[in-house]
Every structure is written in structure tokens, then in C-alpha cells.
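Worksheet: one structure, shown below.
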Amino acid sequence: MYQEQTFKLARFAYRLSAKLLRPSAISNLKLTLSSQISDQRSICDCLENNALALGDKTAIRYDEESISWTELNKRVNQLAHYFNSRGLVKGDAVAINIENRPEIIITVLACLKLGLIAGMVNTRQTDEVLAHSLKLINPKLLVVGAEQVKNMSSLDAGFTQNFSDKLLFMADGALNKVPVGYTDLGPAVSDQPASNPTETRELVLGDPCYYIFTSGTTGLPKASITTHLKVFRSGSHMGLTVMNLTSDDVFYCALPFYHSNALTLALSGTLMSGATLAIGRKFSASSFWDECRRHGATTFCYIGELLRYLLTQPEQANDRDHNVVKILGNGLRPDIWMAFKNRFGIDRVHEFYGASEGNSAFVNIFNFDKTCGWAPGSNKTWAVVEYDIAEDEVIRTPGGSMKKMAVGETGLLIMKVNEQYPFDGYTDQQASEKKLFRDVFEPGDCWFNSGDLVTRQPFGHIQFADRIGDTFRWQGENVATTEVEGAVADWAEAVDAVVYGVCLGVMADVACYM
């Protein structure tokens, strides 16, 4: 079945956008959809293969530092062996609290080599939110960058006491003074073996590898589970098929690596393709393009806000003076899509739709404008169903099933959960169950609730409309906050606009009609 889907899609792709899907991309697409991929592997196989095949070719660039694939694999192995010496075993969690720099990549990959789960702590968290996140994943060790020690000190003494002998310090250049109660990782790993750990050979694609925290927009953050399978699919489909990355590409990433876009798109894409990962410490709208030029970036990943900030910068004579030809990300608003693409001379914008906890994703593989694109597996793996905005619930027929929307109509996006597209969920089982619909179209079926309203487009594509709860009713019509954002942003005096839904009770009707 998957082979048939592959060749159907290949013919469709050539018909619509032959210049995008070269033979190598079709081969990669075949790999993504194939059911013949061996389960006995992990994303770290790519790291080890790159160390053998690419050797001294640059794997990571950061500031003035360059790390080869051989050196990266060596440093990852040494840290993995240290974790092993501390008694950690497959399935244990390690909290990682480090800003964007090579050490966060090394720590993540060291965890993955042993089958440990890397808990990606949001580096902005402090106090009770940070404590809540750490409790969720119950880490056996915490790797803390020098720049994050202050945030860790915001935890109360009783909570910190629970992590005595578990705190590992990662120096940050001149910030190398080891705090009381921490173990300095520098000397601790220096005498560890550089050989590949044997544990990597025992991993399978279904093993968990990341805990990625949600933003906490509906309460305290939840820890979503990401598996090697999801990371492998992301690197294969997004990195190889969609972006057509090769070892000659330079992938610039200024998004934080606790963010899914950086972790499961940029990192996995470069691992699978052998491309160089250029790391930006933090995003800066004023210096972004200079960083791209300095590193020779051919691509980068984005979120919508990043592109809006770049577009609001004063126009420069060298706006098109760069090597970036393709970008990958989500949240690019249709109203600024062409303005961004034309101003900066970007040939390919591969917008995608997905969630850290989601079981599938859409991507604009054919480089159509103003769309989130298409999802592998055909439209049998997803549906857009009727949703009652006023009552804030899905609409079911008298028989109990949901109604699918037609092309041009807007509804709730749901994704089928099955063996091929599993829902890995959160560490909290009750929270996981709340994200599922059952008996949707037939008895016993199960679907993931995206929580997003989308508009169905031709050719199996979708366009993001709004988050549930942000859309409101006005004069009998549904109005999305994104529509309001666009209207406000058109005002000449507005630099930017962010609109979100709030509950105003009886005042809501008054506000809507004023």
C-alpha cells in the first residue's frame, strides 16, 4: 500500500511542481512512507555514520567555533559513557537546562545514545513553573549550563535538596566557576572512552527520546513524549524529502532547542543529511541576516513571529544578499507571506502544521503559497470536522459520528491514531486521554484532537484558521483572532499585533458590537 502511495505522490508532485521533487527527494519520500524501515535503529545511527563518512567535515558551527562530525561523535560518546558510569539506564530521564550552544546538542545526543530521555527544560522557567516541570519528568540527573544556575537557584531549598548529587555543571566559556553542590562535567568526562556505546545498538524506533514541554497556555506546562520514530520521520520527511538537504547545506537555527522546531526539525534534518548545523545563541532581528551570511546558511527554521520581526526591520540594500534559498517552519501569516518572500528573495517557503504531541504533520512540500500543505498517508489519516464555536464542542450526528467538512469549509482538525501513526501523549495519562476522540466515524476508532481550526484546501492541503477558544461569533459569523490581527496590522501606525481570546462574560457581546 505504501509503495503505491509513494509512486502516486511522486507522479502528482512532478505534475504540480517538478522542480521541487528531484529524483533524490522522491527516493527520500519512498523512505519516509515505507513500512519496511527496520525498527532496530535510532537517530544516533546517523551521527555515527556521519562520523565515518564525513569525518572532518563541519557538523556544528557556533560563533567562531567549528566542530567536525568525528569530534562531535567523540564528545557525545564521552558524555554518554559518563552517564553510564553514574548508573543511568535506558528509560531514565535527564533534565537539560542549557541555552543554545554546542553543549546542548552534545548532551542531547549523549542521552539518545543510551536510550535515556532528554528532558528539554525551557530556559526561561523559574520558581514554581520550573519545579513543576522537573517533577513531571523526575530526572535522574540534571545538566545545567553556567548561564542557567541563577534560574535553578530560584527553586526553594527543600526542592533543591531532592537533587543533591544530581546536579551537573556545564561551563560556558569564561563562566566556569562551579557552584556549590554541582559536579563539573569538564574534568568528569575528559578521561571517559571515546568509543561508541554498545547500548545504541539495542535501541528501537519506538523508544522515547525527548520530553518536550508545552507552552502552558492552558495551565502549567505538560511534558509531551517524543520517540525516535517521530524524530526519524521528521528528519527523513522534512529534512530529506521536503528540504532536500545534503551535506553541502548549512542549516541556521536561532530558535531555542527546547522548542520542537529546533529539536526535531533542525537537529534531525542535519543528522540525517550530514548538513552543517549553525547555532544562533538567541534570535536577534537586527543581526539575523548577518549571522546567516557569516555562517553561509542555505536554510533556516522559523516560527511566524520570527519572520514578522524580520519584516518589520528597516529595509536594507543587502536584504537579498545571502545564500538562503529555502526555509521551514510554521505560523507564517498569509497576509505577510508574499511580502516576506519577495523582499528577501526566498525561493521556497515550506510552511508546516504540527504539534509537539501530535502524531502527524502537514507540510508545504510543493511550495504553494499561503498553505500548510499536505500530510503523508493521504486524507484517510486526518479529517476536518464540524465544530460549534458558540458551544465550544464538536458536532455529532444522531448516530454519534462526526461530520467531515468540504473543500473551502473550516472545522476542527483531527488525526487518526493507529499503529503507523501512534499518539505518544504526555507523561500525564489523564491529560493524554483528554486529547483523544473515540468512535468518531466507526466504532472503536481513535483520533487526536489538534485543538485547531483549519480550512480545507484543494489537493488535500489545509490552511490554519485559529486556535479553539480564540475564535468568536460576530453578527452570526465566526471571526478568528488571526483575522483581527491582520486588520490591526494593516493600520499604518501598528508595528505588530497579537490577538487572543479572553472570557469577558456578558461584556463579550457588548465588546463585539461596539
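To keep it simple, each residue is scored yes or no on (1) more than 26 Å from Glu357 (Cα to Cα); (2) at pLDDT below 95; (3) in contact with a Gly (Cβ under 7 Å, 6 or more places away or on another chain); (4) among the hydroxyl-bearing types (Ser, Thr, Tyr).
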residue	(1), (2), (3), (4)
Ala188	yes, no, no, no
Ser195	yes, no, no, yes
Gly216	no, yes, no, no
Ile225	no, yes, yes, no
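Filter the range 227-254 for residues that are of a type in the set (A, V, I, L, M, F, W, C) and touching a Gly at 6+ places or on another chain (Cβ under 8 Å) and give the result.
Filtering the range 227-254 down to residues of a type in the set (A, V, I, L, M, F, W, C) leaves 229, 231-232, 238, 240, 242-243, 245, 250-251, 253-254.
Residues satisfying the conditions are Leu229, Met238, Leu240, Met243, Leu245, Val250, Phe251, Cys253, Ala254.
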Looking at Asp45, is it at pLDDT 95 or above and of a type in the set (Asp, Glu)? no
Regarding Asp39, is this residue surrounded by fewer than 14 Cβ atoms within 10 Å (Cβ to Cβ) and either at pLDDT 90 or above or part of a strand (DSSP E or B) (or both)? no
Would you confirm whether or not the range 249-257 contains a residue that is surrounded by fewer than 24 Cβ atoms within 10 Å (Cβ to Cβ), assigned to a strand (DSSP E or B), of a type outside the set (Ser, Thr, Tyr) and at pLDDT 95 or above? yes
Going through the range 109-141 one residue at a time, which ones are closer than 17 Å to Leu255 by Cβ and either among the aromatic types (Phe, Trp, Tyr) or crowded, with 24+ Cβ neighbours inside 10 Å (or both)? Ala118, Met120, Val121
Answer yes if at least one residue in the range 157-166 is surrounded by 12 or more Cβ atoms within 10 Å (Cβ to Cβ) and of a type in the set (A, V, I, L, M), and no otherwise. no
Going through the range 329-343 in order, the residues found to be closer than 11 Å to Leu307 by Cα and of a type in the set (A, V, I, L, M) are Leu332, Ile336, Ala339
Which condition breaks for Leu271 when tested against (1) within 20 Å of Leu112 (Cα to Cα); (2) in contact with a Ser or Thr (Cβ under 9 Å, 6 or more places away or on another chain); (3) touching a residue at least 60 places away in the same chain (Cβ under 8 Å)? (2)
Any residue in the range 367-380 that is surrounded by fewer than 18 Cβ atoms within 10 Å (Cβ to Cβ), of a type in the set (Gly, Ala, Ser) and farther than 30 Å from Met243 by Cβ? no
Listed residues Arg75, Arg61; which is modelled with pLDDT of 95 or more, of a type in the set (D, E, K, R), assigned to a helix (DSSP H, G or I) and in the same structural domain as Ser224 (by TED's automatic domain parsing)? Arg75
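The values are calculated or read from the model by the stated rules, or taken from the named source; none is laboratory data. Owing to the predicted nature of the structure, the values given are computational and were not obtained by experimental measurement. Note: ideal-geometry Cβ built from the backbone for every residue, glycine included; neighbour counts use all protein chains shown.
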